[in-house]
Amino acid sequence: MFPYPEQYRVALPPITTGFMVIWAILSHAIFVDASPFALYPLLCLFPAAIGVHLYLILIAKGMSRLDQCFYALVHIPLAFVVWTFTIMHVNGHAFS
């Protein structure tokens, strides 16, 4: 169906992180501060990104498995920072 399925699989973790940012911006504009409807998808997206990285590591073969480990080693801390700031953005002034 897709011409390059491997590239789509490899791009899934950054797409998940990008969706976190888009969801945080749109949901903060629509819902009130600390809305559970805006917050709960964010709480699920970071573990989903980690799960996709684990899936990519498991299906890789040989040297590519090491490449996927380095990819996860770089992306997961960056996604954690983005995830933290999106949660703070969605919460707004609810903690102050």
Taking N as the number of residues in the chain, the ratio of its alpha carbon radius of gyration to 2.2 N^0.38 Å works out to 1.24
Dividing the mean separation of Cα pairs under 8 Å (6+ apart) by the residue count of the chain yields a relative contact order in percent of 43
What are the radius of gyration and Dmax of segment 44-95, computed over its Cα atoms and given in Å?
-> 14.1, 48
In deg cm²/dmol and to the nearest 500, what is the mean residue ellipticity at 222 nm of the chain if only DSSP H runs of at least 4 residues count, each as -39500 (n - 2.57), divided by the residue total?
-> -29500 deg cm²/dmol
Once both axes come from the Cα atoms, what is the angle between helix 36-59 and the longest principal axis of the chain, in degrees from 0 to 90, rounded to 10?
-> 10
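Read-outs throughout are calculated quantities, based only on the coordinates presented, and are distinct from any laboratory measurement. This one's a predicted model, so the numbers in the text were calculated from it and none came from an experiment.
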